[in-house]
Structures are given as C-alpha cells and as structure tokens.
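Visitor: Sharing a structure here in structure tokens format.
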Amino acid sequence: MKAAIFIFCVLLEINNYFVAGATCTIEGLKKEENLLDSYYKIQIPIVDTHSGVIASFQTKNILRMKIENVNYLNATWENQVLTFFVTDAYKNYEKESKYSNEPEITVTLNCLCTQDTSENMIIRQTIVDINNHPPILNEKRYDYVFGMTVPEKLKLTEILPIKVNDIDVSNSEITFTIPENPYFKLDKEKVSSQNKQYTTTLIVAKNLTAPLSEEFTLTVTDNGHPVKNTTVPLTIAVMSPQELEKNQDNKETKDNTEEDNESIHPPVFAKHLYFADYNNNHQFTMEEPIVIAYGAQTNTKLKQLGYEEYFNIDFEDPNHKTIIVKNTKALPNQILENIDMITIEIEATNEGLSIAGQTSLLIRLPKLGQLDTNVISEENSQECDIYIKYGYFADTYTIPFILFLLAVFGIVFTNVYIIIMFINKSKTKR
C-alpha cells in the first residue's frame, strides 16, 4: 500500500513538472484570472503624458506570439524578451476616451506555448491622470443682449447655453462661479458628470429694463489635482431698438477687420406692432416702415401668416433691413362688412437658427359705405403700391371690444415670444 502511494506521488510531481513547463510565463507580471481570458497587470503605472518604452520582461515557454488589439499600448517580443511601449496615438488618449476613475490601456498577446498549448493574454497598463487640461467652454464669451424688458425667471441658457468639456479622463465635477449680482443667478454651482460634459442654468433674478449693460466674469473650475480653471466674460444688456441697431453697426464694422468673429443672430424688429390704413380706393398706407433693427443677414427669410391672397411682403433693400408690403388683391366685401381691422403676422429667420423674430401688422379697414367700388373691384383688382406716411391718421376708427382684446392678446404674446429670440449671440474670438 505504501509503495502504491509513493508511486502516485511521483507520477503527480512528474505531471506537475511537465504542465508547469508547458505554461506561457511572463516573469514579473501579476496574473489575474477573469473568465476564459488571462489578465496580466503591469505593476508600474504611467502618467497620461508618458511617451516611449514602459518596461521589459523575460518570458518562458513561449514558442510564438501574436500581438493584437493595438491602440495606445503596443509591444515587441524578441529572444524571449517582451517590451511594452505606448504608441503615438497615446497622446490623444484622454481626448478620445470616456471618463474613468481607474483609467487603463490594454493590448492582447496571443501566445503558443510549449507542449502544444496556447494562451490568450490581456495586458493591462494602469494610468495616473495628471490634471493637465483646463476646462473648455463652448464660447469665448457670453453676451445676452435684449431689445425689451427681460422677465424674471427667464432661463438665459435656453437661448445661449453654457457648456463645459473637461478632457482629463478622471475628473468628474465642475464648479461654475459668477460674482454675486442682482440680475441673474446660477441654479447649480457644482455639477457632476461622468461623460466629460457639464452644463448649468442661468436664471434672471428680476425684471430687467433698459438701459442696462453689465459685464461679469464667469469662472469654471475642475476637481483635479492641482485644480485648473478657465474664465470668460459674460455680459447682460437691455437696450432700446436704436441702441441695438447702433451696436450691430459697430459689430459689423469690427467683423470686417476680424473675419473669424462673424456670428448669426435672430432678427429683432424695431417694433412689435405696426399699423396701416386701408382706404376707400382699396389701397393702404403704412404709418411707418417695418424695420429689422438688429440681426438682419443677407440670408434672412420672411414668412407671412395671414391674408396671403391679398397682401405680399418682401425686403425693400439688399441689406434685408426694411420690409415692404404690397396689396395684390382688393379685399372682398365679406371681410369689410364684418370686421374693422385685420392682422398679418410677420416672421424673420436666419439660416441655421430655429428662433424667429416676430412682429405684427394691423391694417385698419374703412366702413363699407366709405368704399368707392368704381375705383377698383375684386374682379379687376391689380397690384397696388404701398404709400409710406409718417405720423398718425386723424381719422377715428371704431373697433369692437372683442377685436381690441384679441389685438392686446396678440401684442402680449408677441412680446413674450420675442424676448426669447432677441439674443445677440456674439462669438468674438480673441
């Protein structure tokens, strides 16, 4: 019995010797078993700015090696010596990689071992993240410029968002800071994220009226070591239409000398409501021209809402600042018999922007008995040119109470809508 046990132990030792001798070995690496793959961890961490060779290791019992899945980490194997090094692509590792609190890079070694065995080794190289990238804002400056009163609780960042990107792979928090002021506030100062993107909300603290122009410094700070921050100017302004137009002219002059500073803004009309009178000759006279005071571009497009069959709008000048209205067909009696005024909504949009500038044209109509039907009729109507007159008519028009309420509602709606659209999205590259 003792002899049998002795023989068994000898055979077991012999088997272990040959099995051990058949195993692919990398001396100095810690092996970690994970499912069907063998993970080896290089114990020497590298910083995210490392370049060139990392380390070399002696190998045993490896007949052939194929290096696969090379991206940031690569290797060479010669005379049983395995050398690891980072590739040229490693300099872009942080920019191209997702957030990780334990960053690492890998490479795969497909090895043929002695005794006709094989092993798939995944080599893991840990990284120490140095905080060498400051936070990056999506704008060089933030200018919130309005042409009318800005209401309390308006979210300015729904018009011009404040976004931050932090390239450092292990940072997960950004702190937004603006000096204390009575005009607006941040809903969150510390923002956490695990996708390297951060955003905050800027909320108006009270009703802002013209004249107002204040500049502040927006600071964004990361949570790396040592901390890094970035500062940009932030302006809040409420101007009259004339000031807006002057500001736009100054900007256009500056942009002519700095081509890279071009930016697109939503159009801002000089007024939210214009008036015209339809006379007894089936013609109408404007009290004043319809003007885009700010944000007009050569690609600005107009949209008319209402009475398209009878009126047509278009730009009068190549700069797309003045809009003309033409009466293309006489209004029928059924309109003139029932209402005292009609409303045409006008929208202006710039290419690449979904926000539209908006104004309204109210055309006051004569009483049916005042019409001279011999001058022009619906059947023989022709295009009638508009006549511009400055000032107000002395004529008195009776407006039904219900129409008056509708007109007031339209004006209020237009004002609220235009608040959001009248943002001067300046992108001044310094």
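The values are calculated or read from the model by the stated rules, or taken from the named source; none is laboratory data. Just so you know, these numbers come straight off a predicted model, no measurement behind them. Please note: Cβ atoms are built from the backbone with ideal geometry, for glycine as well, and neighbour counts cover all protein chains shown. These area figures cover heavy atoms from the full protein model, side chains too; ligands, DNA and RNA do not enter into them. Shrake-Rupley method; radii C 1.70, N 1.55, O 1.52, S 1.80 Å.
Visitor: Give the accessible area for Arg124 in Å² (nearest 10); use a 1.4 Å probe, count only protein heavy atoms, and leave out ligands, DNA and RNA.
Guide: 60
Visitor: Moving on. On a 1.4 Å probe surface of the protein chains, which of Val268, Val70 comes out largest in accessible area, and what is the full order?
Guide: Largest to smallest exposure gives the sequence Val70, Val268.
Visitor: What is the Cα radius of gyration of the range 273-317 over 2.2 N^0.38 Å, N being its residue count?
Guide: It is 1.35.
Visitor: Next question, about the same structure. Among the GluC sites (Glu not before Pro) within the range 317-357, which fall in a DSSP loop and have no more than 10 other Cβ atoms within 10 Å of their own Cβ?
Guide: In loop regions of the range 317-357 (DSSP not H, G, I, E or B), the sparsely surrounded GluC sites (Glu not before Pro) are Glu351.
Visitor: May I pose another question? What's the extension gain from Leu305 to Ile130 if we count 0.36 nm per residue and subtract their Cα-Cα distance?
Guide: 57.2 nm
Visitor: Please state the Cα pair-distance histogram of the range 175-242 with 10 angstrom bins from zero: what percent is in each bin?
Guide: Over the range 175-242, the share of Cα pairs per 10 Å bin runs 16, 46, 25, 10, 2 percent.
Visitor: First select every other residue whose beta carbon is under 15 angstrom from the beta carbon of Val53; then total the charges, Lys and Arg +1, Asp and Glu -1.
Guide: It works out to a net charge of -2.
Visitor: Do me a favour and compute the ellipsoid semi-axes for the range 47-114 from its Cα gyration tensor, root of five times each eigenvalue, largest one first, whole Å.
Guide: 26, 12, 10
Visitor: Separate question: Tell me the Rg and the Dmax, in Å, that the Cα atoms of the range 73-206 produce.
Guide: 23.8, 84
Visitor: So what are the range 122-162's ellipsoid semi-axes, whole angstrom, largest first, if each one is the square root of 5 times an eigenvalue of the alpha-carbon gyration tensor?
Guide: 42, 12, 8
Visitor: If ligands, DNA and RNA are left out, what is the accessible area of Asp116 with a 1.4 Å probe, given in Å² to the nearest 10?
Guide: The accessible area of Asp116 comes to roughly 140 Å².
Visitor: Here is a follow-up. Rounded to the nearest 10 Å², what accessible area does Tyr72 show when all protein chains are kept and the probe is 1.4 Å?
Guide: Roughly 30 Å² of Tyr72 is accessible to a 1.4 Å probe.
Visitor: Leaving ligands and nucleic acids out of the surface, order Thr23, Thr219 by accessible area at 1.4 Å, largest first.
Guide: The most accessible residue leads, giving Thr23, Thr219.
Visitor: What number comes out for the charge environment of Ala356, summing +1 per Lys or Arg and -1 per Asp or Glu over other residues with Cβ under 13 Å away?
Guide: The answer is -1.
Visitor: A follow-up question, please. How far, in nm, would the chain grow between Thr322 and Thr49 when pulled straight, counting 0.36 nm per residue and subtracting the alpha carbon separation?
Guide: 92.6 nm
Visitor: Continuing with the same structure: My understanding is that a pair violates if its Cα-Cα distance is over 23 Å; which of Lys31/Lys196; Lys303/Lys329; Lys153/Lys303; Lys98/Lys185; Lys206/Lys303 do that in this structure?
Guide: Lys31/Lys196; Lys153/Lys303; Lys98/Lys185; Lys206/Lys303
Visitor: Keeping every protein chain in place, order Phe275, Phe315, Phe84 by accessible area at 1.4 Å, biggest value first, i.e. largest first.
Guide: Phe275, Phe315, Phe84
Visitor: Same structure again: Could you size up the charge dipole of the range 133-247 around its Cα centre, putting +1 on the beta carbon of Lys and Arg and -1 on that of Asp and Glu, and report it in debye to the nearest 20?
Guide: Here the size comes out at about 140 debye.
Visitor: To one decimal place, what orientation-averaged projected area in nm² is obtained for the convex hull of the Cα set of the range 23-141?
Guide: Convex hull of Cα atoms, orientation-averaged projection: 8.5 nm².
Visitor: Measure of size requested: the Rg and Dmax of the range 264-345, with Cα atoms as the atom set and Å as the unit; please supply both.
Guide: 14.0, 45
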